[in-house]
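Note sheet for the following structure.
What follows draws every value from the coordinates through simple rules; no lab data is involved. Source: prediction; values computed, not measured. Cβ sites come from the backbone with ideal geometry, for glycine too, and all protein chains shown count toward neighbours.
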Amino acid sequence: MNWVPNLSTSLCIVAALLTIHSTSAHAQLTGHGGPVRAIAISSDGNSVLSGSFDTAAIRWSLKTESAEQVLRFHSDAVNAVAFLKDGRMATAGADARIAIWTQGRQQPDQVFEGHRGPIVSIAVSPDGARLASASWDHTVRIRSLGDGRQQVLEGHAQNVNGVAFTPDGRSLVSVGYDRELRIWPLAGGTSNVITLASPLNAVAVAPDGEIVTGGADGELRFLIPESQESGGVKAGTTPIIALAMSPDGTLIAAAGTSGIVTVIDRKARSIVRTFGDPGSPVWSVAFLPDNANLLTGGSDGKIRRWSALTGESIGSSLQATPRDPLGAYAGDHGAEVFRACVACHTLSEKETQRAGPTLAGLYGRRIASLPGYRFSDALKGMDIVWTPETVSRLFELGPTIYTPGTKMPEQRIGSAEDRKALTDFLARATPK
C-alpha cells in the first residue's frame, strides 16, 4: 500500500500505524517496524519472541517490559518463531531458512536450509529433539536439532500453512491451502489425509490429542485423534490466519484479517469472548502459561496483552525502551518530525537496537554500510552518502523512488520546512 499523508508533525507511515486503535489496548510491546507475524512465549512466561515482516525477531522481557535482544539474520519476513526446550530460540522466514539462536549471541548457532519457498510455521516436538517446518514449497520438513538430519514429507498440492506435533510425539499434523489436513506417522508409512471444506491456514493440537484447524472461511474445525470431524465453531466471516490453544487445552484463540480475536471454549464448542480492533488484521496470537491471558501481534507492529476471559487489555504501556528517547528534545520541531521514526530507529548506539539501523553517526556514512545490520542487496549497490541534502531528498521523493528495493515503508514529507527541521535535528542528535 502506498499512502502519502500530509505530514506536518510525523515522519513515517509506521507511526501512523502505531497510533491506530490505541485507545482500546494500552498494554503494548512496541519495537517492530512492520506487522508482527509470529509470537512465542517461554514456558515460564517471562520471555516473548516475536517475528515481523520487518525481517527482524525480538526477544522481550515481560518482567521489565522491554526488548532485550534483536535477532537479525533473515533477508525477508520472519514468519515463525519458537522457544526450544534447552532455552535456545528458532526463527524461520520467507527466505526459506531456519536460524537457531542462543540468548545474547548476535549470530545464529545453526542455519537450516532446504526449503524452496517461504517457511510460514514451525513446531517443536514434545521431547524437544526435533523441529518441524511448513513451507509454501508444498512440503513439510522435520529436522533433528542434534545432528541436523532432515526428513521431507511430500503430498500437499499447495502451500502448507501450519504444522503441529501430537502430544505423544509420534505423529505430525499439517494443513494447507489445498484444504487437506494430513496426519503423518513419524515412524514411517503414508499420511492420513482428511479433505475439509475450506483452505486451511493454521492448526493446533490439544493435550488430549484433539486437532483444531482454522480456515479461510472463518470456521474452526475439530477432529478427534482418529481423524474424524467432531464439530465446528464459526469464529468469524473473514479468514482465520492465526490460532493458539491455552496450555491446558481449555481455550482456543482464533484471529484473522478482520482484526477481531475470538476465544472459544474447546469442550463446550462455544464462543467465550470476542475483542480487538476491527479493520486492523491480527497476524499472530499466543497464550501465556496462566491459560487466562494472551498476546496478539498486529499489522501496526505492536504486541498487545489481553485477558482472554474479559477481552480487556491488561498491564501498563510496554515499550522497547523504558524512557522517552526524545525527552531531552522537548519543544524541538525537528524532534517532533522525527518522533514517528523512533519505532524503528535509535539515535544512539547505546540504545536497544530496533527494526531499522541506528542513526548514530548518520551524516557522512555511505548507504547500507553500517556494520552488523543486514541490508538488502539493492541498497548495497547504491552510491549514496547520507547528508542533510540526501536525507531531505529521500523524504521528498519517498523511499520507493529514491532507494528502490528498500524494505523501508513508503513515506514522504511534503513540507520543505519540515524536511529542513528534520535534517537539522539529525545533525544535532546523531553526531559522529
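Some points to look at:
- On Cα atoms only, tilt of 416-429 relative to the major axis of the chain in degrees: 90
- Summing charges over neighbours of L370, with a neighbour being any other residue whose Cβ is under 12 Å away from its Cβ, gives +4 when K and R count +1 and D and E count -1.
- Reciprocal of mean inverse Cα separation for the chain (Kirkwood radius, Å): 22.3
- Candidate aspartates and glutamates - alpha carbon under 20 Å from K85, same-chain residues fewer than 8 apart omitted: D44, E68, D109, D127, D147, D168, D248, D290
- Cβ-defined net charge surrounding R105, 15 Å radius [Lys, Arg +1; Asp, Glu -1]: 0
- Label-to-label distance, nm, for residues given as D168 and K234 (7 Å Cα→Cβ offset): 3.7
- Tilt relative to the chain, helix 388-397 - C-alpha long axis, 0 to 90 degrees, to 10: 50
- Two-site FRET efficiency, E226 against R374, from Cβ-Cβ distance with R₀ of 51 Å, rounded to 0.05: 0.65
- Under 19 Å from K234, Cα to Cα: lysines that are on another chain or at least 8 residues apart: K267
- Whole-angstrom gap from region 369-390 to region 245-298, using each part's C-alpha centre: 41
- Prolate/oblate/rounded call for region 327-429, Cα gyration tensor, a/c under 1.5 rounded: oblate
- Spherically averaged projected area in nm², based on the convex hull that wraps the Cα atoms of region 216-292: 5.0
- Three principal axis lengths of region 143-239 [C-alpha, angstrom, descending]: 44, 28, 22
- Of the residues T406, T237, T91, the one with the fewest other Cβ atoms within 10 Å heads the list, and the complete ranking is T237, T406, T91.
- Extending 7 Å from the Cα toward the beta-carbon at both L326 and T274 defines two label points whose distance is 3.7 nm.
- Candidate lysines - alpha carbon under 30 Å from K407, same-chain residues fewer than 8 apart omitted: K302, K350, K380, K420, K432
- Gaussian network model of the chain, springs between alpha carbon atoms under 10 Å - residue of R366, R72, R179 with greatest fluctuation: R366
- Considering only P225, A286, A416, and ranking their Cα positions along the charge dipole of the chain that arises from unit charges at the beta-carbon of Lys, Arg, Asp and Glu, the one farthest toward the positive end is A416.
- Gain on full stretching of the segment that runs from R116 to E154 - 0.36 nm per residue minus C-alpha separation: 12.4 nm
- Per-residue Cβ neighbour rank within 10 angstrom, fewest leading, D95, D109, D424: D109, D424, D95
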